[in-house]
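Here, each number is a calculation from the coordinates, and none is a lab measurement. As the structure is a computational prediction, the values presented were derived from the model and not from experiment. Here the Cβ is made from the backbone with ideal geometry for all residues, glycine too, and neighbour counts use every protein chain on show.
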Amino acid sequence: MNRILSQDEIDALLSSVSKGKSYDSIETDTRKAVTVYDFKHPDRISKEQIRSMRTIHENFARLLATFLSTNMRALVDVNVISIDQVTYSEYTMSLSMPSSLYLLKFQDIEGKAVVEISPQLLLFIVDRLLGGSGETEIEVREITLIEQNIVQRIINNLITTLNEVWSQVFPLNAAFDSFETDPQFVQIARSSETIAIIFFEVKVRGAVYPMNIGFPYFVLEPILQKLSSQTFFTTTRKIGEEEVKMLEDRLKATTVDVSAVFDETSIRVKDFLSLRKDDIIQLDKDLKEELVIKVGNRTKMFGLPGKSGRKMAVRVTRRLSEDEKLSIEP
């Protein structure tokens, strides 16, 4: 049954028509919130997949840090900084010159990945592997062929570790392909192709060195579904008995500098210049007092001087106490 309009309603309708308004449809704001999308930087990898990749490479960073610390006889810390998606042209433009670029190929996946390591870090590793202190400031330069061969064992272990952490999700079966110093000669993807970059920082001896691993999108494409699967669980790598024994053997074979400090004294420059053979410098320490024993440049123990056969020796009497650690400069 049709509703009959009242006179007031009819007057209101006629008034609205005269003002140019229409009641045939009700105006409503049905626009949805607009999300800005940058076609130059497409996010082809979801946030969930990025989180999974971050977890994988955090495990990689921990294992690599342990290996580097053992081989360089120095505390090394490797951390994941971020994971970004950029075009390949932007990535190559951001690379320094000279660079140290290691290309990786895969057994069952088409395409290649790239690992960029700071040349200064590689030169530091070369110095430590050859017995140097690593304390000299290193100038950035190209890595020579001999230096590449020296660090190749480190690179091979890096690739093995990368395969190991990725095996939880997909067997990469990555292998070393080639080494380049000029980014212009590295063309693993089209300029407009998206590439996922995992940025690392390597901390050693107070210095921070950059490192990154780049995977083109078409390399990750067959793996992404497994990265976003709810059945993906990260597992902690357990160290076997053989690896523990290997680490113990390496630590036992490591040489450290040990020195016993008898005493220190001060003399005038005039007396120092007049010193001759068989002159005697008097010390304040008694022969029966304990000597300071240093490992490297850190005070660790105390001991008494003596002889072992025909050689001078020091017998360790005690370790440095906690209170002494605070008062004695390490």
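Normalising by residue count, the stretch 47-252 has a Cα convex hull of 123 Å³ per residue. Our estimate of slack between residue 286 and residue 310, defined as 0.36 nm per intervening residue step minus the Cα-Cα distance, is 6.4 nm.
Modelled label positions at residue 93 and residue 278, each set 7 Å beyond Cα in the direction of Cβ, lie 8.0 nm from each other.
For the stretch 47-252, what's the relative contact order in percent, using C-alpha pairs closer than 8 Å and at least 6 residues apart?
32
Electrostatic tally near residue 91: other residues with Cβ closer than 11 Å to its Cβ, Lys and Arg +1, Asp and Glu -1, net -4.
Derived scalar couplings between HN and Hα for the stretch 100-111 equal 10, 10, 9, 8, 10, 10, 10, 6, 10, 10, 6, x Hz in order, rounded to whole Hz, by the Karplus curve 6.51 cos²θ - 1.76 cosθ + 1.60 (θ = phi - 60°), x for Gly and Pro.
Based on alpha-carbon positions alone, could you give the equivalent ellipsoid semi-axes of the stretch 95-162 from the gyration tensor, as √(5λ), descending, whole Å?
Details: eigenvalues 121, 41, 16 Å².
Working from the Cα gyration tensor, I get semi-axes of 25, 14, 9 Å.
What does the charge add up to near residue 257, with Lys and Arg as +1, Asp and Glu as -1, over the other residues with Cβ less than 13 Å from its Cβ?
Spelling it out: positives minus negatives among the neighbours equals +4.
Our coupling estimate for the stretch 207-218, obtained by passing each phi through the Karplus curve with A = 6.51, B = -1.76, C = 1.60 and θ = phi - 60°, is 9, 10, 10, x, 8, 8, 10, x, 10, x, 4, 5 Hz, Gly and Pro reported as x.
For the stretch 143-287, a Kirkwood radius taken over Cα pairs fed into Stokes-Einstein (20 °C, viscosity 1.002 mPa s) yields D = 97 µm²/s.
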